Amino acid sequence: MDTRLSEIQQELVAAANAALEKHADIDTIDATLALPCGYDERLYGLFAELGWTFLGFETDEESTLVELGLVVERLGYFGVPTPLRAVMSAANLVARASGGDAPLLAQISEEGTIAVVVDATRGSARPRLVEWAGVASVLLVATRDGDEVVVRAVDAASVSIEAVEVFDAERTDEVLLGDAAGDEIGRLSDEAWQEWRAVDRLLRAADILGASRRSLDLTVQNAKTRNQFGRPIGAFQAVQHRAADMRMDIEATSLLVWSGLWRAAHGHDVIRTSLMAAWQASETGERASKNAVQLHGGVGFIKEYPLHHFYRRTKAQKLRFGASRDLLRELGGAVLTAARTGDFRERFVDWPESSE
């Protein structure tokens, strides 16, 4: 299996790095969070110009979920407060429900419409916490109708949306749908709905992966420049071991995230891989953040130093996955289901049985 990025993917990552270093430097995070909408609208417009709002639902082989994941990982690395991940996850749902021909897709990709998903498959009577609902003009409400999931586009102005306080850069709101009605975009089987949930899970894991990488990079940089007992702390074996543990966690997460997005982009089953990636990313993000704070010493605890943005980002995203035991229980159920259907081994691709 070749896990190297293609030439086009390398160019995409390079362009993302250049744009974010110029327009979303780490020192801009606090100022962006202080904006009324919580994100830089001009920067979001730049994302559209770069073609990022077309990624993940196009049939173009250069605009798959893998490419979207690469962008999301970079956003996590730079700690950018932006609804892009949530919007592109919503676009993926629209494409699946409509067969790819809904006008809303063009509005999202070409006009910069902010649309986010409200999962009401367990009932719409109680409020839901939804990221970036307060800045969205369209809510994609998913409800159950027998064995199907119905996706409707609801005008955000027609529902009750109240901001709630969270401790990371993802603006989150309490949404109460009430009797709000909307236009039906399409219907999904339960299997297709679970596949979309898996993609959403993988994109969140990619965000955690990027933030974890930044925590490690900040830690390594600090270890090279901070001196104790006449030498850099990076020269001490205990610090090296902790940094190595962080790197191994991050690489394990990376393999699961990219293999999951590759599988999703090529039509393979992705449920189990997404659950493994979510659990691994959750654990990696928490361990990497804690290790980074400890290895920074006192400076890791002060708000003036940017490390706290990545600590809070990874912790909040882990909580949005739900309890780790629930992820493991769901994964266990998926494995047992596969075992009953004879697909227990689950190859990454359909390798031949032998070389003969």
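The values are calculated or read from the model by the stated rules, or taken from the named source; none is laboratory data. Being a predicted model, the structure only gives us computed values, none of them experimental. Please note: Cβ atoms are built from the backbone with ideal geometry, for glycine as well, and neighbour counts cover all protein chains shown. Heads up: the accessible areas ignore ligands, DNA and RNA and are worked out on the full protein's heavy atoms, side chains in. Shrake-Rupley method; radii C 1.70, N 1.55, O 1.52, S 1.80 Å.
Numbers below:
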item: Given charges at beta-carbon only (K, R positive; D, E negative), |dipole| of the chain in Debye; result: 1840 debye
item: Two-decimal log10 I(q)/I(0) for the stretch 180-273, as the Debye equation yields it once each C-alpha is a single scatterer, q = 0.20 Å⁻¹; result: -0.95
item: DSSP-defined antiparallel bridges as percent of all bridges, the chain, nearest 5; result: 85 percent
item: Placed amide H near Ile185: partners under 5 Å, 5+ positions off or other chain; result: Val151, Arg152, Ala153
item: Cα-based reach from Lys290 at 18 Å (exclusive), listing lysines while leaving out same-chain residues under 8 positions away; result: Lys303, Lys315, Lys318
item: Sum of -39500 (n - 2.57) over DSSP H runs of 4+, divided by residues of the chain (222 nm, nearest 500); result: -18000 deg cm²/dmol
item: The stretch 271-331-the stretch 214-265 distance, computed between alpha-carbon centres (Å); result: 14 Å
item: Thr64 long-range amide H proximity, modeled H, under 5 Å; result: Gly56
item: Kirkwood Rh and Cα Rg combined as Rg over Rh, evaluated for the stretch 221-263; result: 1.26
item: Where only alpha carbons of the chain are counted, the Rg and the Dmax (Å); result: 20.7, 69
item: Cleavage-rule hits (GluC sites (Glu not before Pro)) in the stretch 27-114: DSSP loop, at most 15 neighbouring Cβ within 10 angstrom; result: Glu61, Glu62
item: Cα Rg, Dmax, the stretch 74-113, angstrom units; result: 11.7, 34
item: Relative contact order of the chain, pairs being alpha-carbon contacts under 8 Å that are 6 or more residues apart, as %; result: 15 percent
item: Charge dipole (the stretch 77-191, unit charges on Cβ, about Cα centre) - positive-most of Gly182, Thr121, Ile108; result: Thr121
item: Sequence ranges 114-121, 157-164, ranked by mean other-Cβ count within 10 angstrom, highest first; result: 114-121, 157-164
item: Student exercise, the stretch 149-216 dipole from Lys, Arg, Asp, Glu Cβ charges, in Debye to nearest 20; result: 460 debye
item: Solvent-accessible area per residue for the chain (1.4 angstrom probe, square angstrom); result: 49 Å²
item: Solvent-free Debye scattering, log10 I(q)/I(0), computed from the Cα coordinates of the stretch 135-245 at q = 0.10, 0.20, 0.23 Å⁻¹; result: -0.56, -1.15, -1.25
item: Dipole of the chain, positive end: most advanced residue of Leu328, Asn17, Ala338 [Cβ charges, Cα centre]; result: Leu328
item: In degrees, nearest ten, helix 307-321 long axis to first principal axis of the chain (Cα); result: 30 degrees
item: Apportionment of accessible area to carbon and sulfur, the chain, percent (1.4 Å); result: 50 percent
item: Among Leu188, Leu319, Leu129, residue whose mean-square fluctuation peaks in a GNM of the chain (springs only between Cα atoms under 10 Å); result: Leu319
item: Semi-axis lengths, Å, the stretch 29-106, gyration tensor of Cα atoms, sqrt of 5 times eigenvalues; result: 24, 14, 10
item: Relative contact order of the stretch 86-243, defined on C-alpha pairs under 8 angstrom at six or more residues apart (%); result: 19 percent
item: Cubic angstrom per residue, convex hull over Cα atoms of the stretch 228-340; result: 123 Å³
item: Tail fraction, Cα-Cα pairs, the stretch 74-181, threshold 24 Å, whole percent; result: 23 percent
item: The stretch 1-159 pair-distance distribution - Cα-Cα, 5 Å bins, rounded %; result: 2, 8, 17, 20, 19, 15, 10, 6, 2, 1
item: Set of aspartates and glutamates near Lys22 by C-alpha distance (under 14 Å), chain-local residues within fewer than 8 positions excluded; result: Asp40
